[in-house]
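Report on one structure; see the data block that follows.
The values are calculated or read from the model by the stated rules, or taken from the named source; none is laboratory data. In this text the structure is predicted, and so the values were computed from the model without any measurement. Using ideal geometry, Cβ is built from the backbone for each residue, glycine included, and neighbour counts are taken over all protein chains shown. Ligands, DNA and RNA are stripped out before the accessible areas are found, and what is left, the full protein with its side chains, is counted by its heavy atoms. Shrake-Rupley method; radii C 1.70, N 1.55, O 1.52, S 1.80 Å.
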Amino acid sequence: MSLRINDEIPNLKVTTDQGELSLHDYIGDSWGILFSHPKDFTPVCTTEFSAVAKLSDEWAKRNTKVIGISVDSAEDHTKWKADIEKFGGSKAGFPIIADTDLKVAKAFDMLPSEAHLPEGRTPADSATVRSVFIISPEKKLQLVMTYPMTIGRNFAEVLRSLDALQKTYQKPIATPADWQVGQDVIVALSLNDEQAKEKYGELDVKLPYLRTVKS
């Protein structure tokens, strides 16, 4: 069964280039981002890992731990990180899961259960392993983005989505299209006007069902 939004992620024990760990223990009381790749030493993925490394301060500001995953070995990950750091000019301090048995890829529904890695495989054999998963401190899946092999991920959008999730998590508010930190948010329909005013102050009523407040 595939993971759905608000499902608890499986507490898998995994091997990484930084040793053995469990996903729940690694996330701890933080938010978590798992970002997956079909193969080491590939061009688009190298640019993406470099982008994640450059954002290390931004992840820390948001109490967020990132962890990569590729279906190659931990030894390959260690070698690949040298290229990632050379290209991006930033240390890649996050761990990368060595998902050689596809355990994580299948548990997160990135590959069908019968998938296997053929001899002499290419990235196309695991092409669907190109997703971003944002996970709450309660270890619940909050957002999934999946990209084709030809499109590098926009990590500014990942950051924006993380900001929006942290702003609205377990609160009766939502964010509108293209929302950025500091902009107004939408009040949930579970609150009537009186309740909304009491909780958030003055309402800006755009439509009877679309009310915004200062964030």
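A few points about this structure:
- Candidate set from segment 206-215 (those that are touching a helix residue (DSSP H, G or I) at 6+ places or on another chain (Cβ under 8 Å) and not in a loop (DSSP other than H, G, I, E, B)); member that is surrounded by the most Cβ atoms within 10 Å (Cβ to Cβ): R211
- Figure legend. Inter-residue proximity from segment 158-175: first residues touching a residue at least 60 places away in the same chain (Cβ under 8 Å) and over 16 Å from A196 (Cβ atoms), second residues part of a helix (DSSP H, G or I) and not aromatic (F, W, Y), beta-carbon distance below 7 Å, spacing 6+ or different chains. Indicated pairs: L159/E58.
- Failed item, numbered, when R153 is tested on (1) under 19 Å from I33 (Cβ atoms); (2) touching a strand residue (DSSP E or B) at 6+ places or on another chain (Cβ under 8 Å); (3) not in a loop (DSSP other than H, G, I, E, B): (3)
- Within the option set K139, K197, being open to solvent by less than 40 Å² (accessible area, probe 1.4 Å), basic (K, R) and either closer than 21 Å to R4 by Cα or modelled with pLDDT of 95 or more (or both) holds for one residue only, K139.
- Of the residues making up segment 60-83, those that are assigned to a helix (DSSP H, G or I) and open to solvent by 10 Å² or more (accessible area, probe 1.4 Å) are A60, K61, A74, E75, D76, T78, K79, K81, A82, D83.
- Looking across segment 88-101, the residues that are surrounded by fewer than 15 Cβ atoms within 10 Å (Cβ to Cβ) and closer than 27 Å to S161 by Cα come down to G89, K91, G93.
- Among residues of segment 132-151 that are at positive phi, those with a Cβ under 9 angstrom from a residue that is open to solvent by less than 50 Å² (accessible area, probe 1.4 Å), sequence gap 6+ or separate chain, pair up as K139/I9; K139/L23; K139/H24; K139/I27; K139/G32.
- Unique match (being in contact with an Asp or Glu (Cβ under 6 Å, 6 or more places away or on another chain) and under 20 Å from V158 (Cα atoms)) among I27, I69, I9: I69
- Each residue in segment 190-207 was checked for being out of contact with any strand residue (DSSP E or B) (no Cβ under 8 Å at 6 or more places or on another chain) and within 30 Å of A156 (Cβ to Cβ), and 1 pass.
- Qualifying residue in segment 96-109 (condition: under 18 Å from F155 (Cβ atoms) and at pLDDT 95 or above): yes
- Pairs with Cβ under 9 Å, 6+ apart, first in segment 35-54 and open to solvent by 20 Å² or more (accessible area, probe 1.4 Å), second basic (K, R): K39/R121; F41/K79; V44/R130; V44/R153; A51/R153
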